[in-house]
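The values are calculated or read from the model by the stated rules, or taken from the named source; none is laboratory data. None of the values given here were measured: they were computed from a predicted structure. For neighbour counting, all protein chains shown are included, and Cβ atoms are generated from backbone atoms with ideal geometry for every residue, glycine included.
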Amino acid sequence: MGQPNMRAIQQMQNRLAKIQEELAELEVQGTAGGGAVVATVSGSKEFRGIKIDPAAVDPEEVELLEEMIAAAINSAMDEASRVAEQKMSVLTGGLNIPGLSF
């Protein structure tokens, strides 16, 4: 097989840039505590916000709330990774290309 031509490389770079833009605009959520805590991140894993049900705020259970916040953020980050991998697999044909992971 020959080397990919410059036009093919340019097209792949353009598609990659478009996917990165889509991921930056996309928002995904992760939850914990049965929805008591909802974290929102972008598809490119930028933290966007957190919502906490007031019923989950108990001064006697601060550690539990902290754990739910961490779990919700981790859940949102996992979802962002899944979405990014799905979008990238379209570009790479399912191949694992170093440096293109999110």
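Quick notes on this one:
- The residues listed here are 80, 84; of these, the one that is modelled with pLDDT under 95, of a type in the set (A, V, I, L, M), in a helix (DSSP H, G or I) and closer than 30 Å to residue 10 by Cα is 84.
- Residues located in segment 36-51, provided they are buried (at least 19 other Cβ atoms within 10 Å of the Cβ) and touching a Gly at 6+ places or on another chain (Cβ under 6 Å): 39
- Test: residue in segment 56-73 that is of a type in the set (A, V, I, L, M), surrounded by 14 or more Cβ atoms within 10 Å (Cβ to Cβ), closer than 24 Å to residue 91 by Cα and in contact with an Asp or Glu (Cβ under 9 Å, 6 or more places away or on another chain): no
- Among residues of segment 39-81, those that are of a type in the set (Lys, Arg) and farther than 13 Å from residue 27 by Cα, counted: 1
- All positions within segment 31-59 that are part of a strand (DSSP E or B) and more than 10 Å from the chain's Cα centre (by Cα): 31, 32, 37, 38, 39, 48, 49, 50, 51, 52
- Top-ranked residue of segment 42-77 - restricted to ones that are of a type in the set (Ser, Thr, Tyr) and under 14 Å from residue 22 (Cα atoms), ranked as modelled with the highest pLDDT: 42
- Here residue 89 does not fit the description of being among the hydroxyl-bearing types (Ser, Thr, Tyr), at pLDDT 95 or above and part of a helix (DSSP H, G or I).
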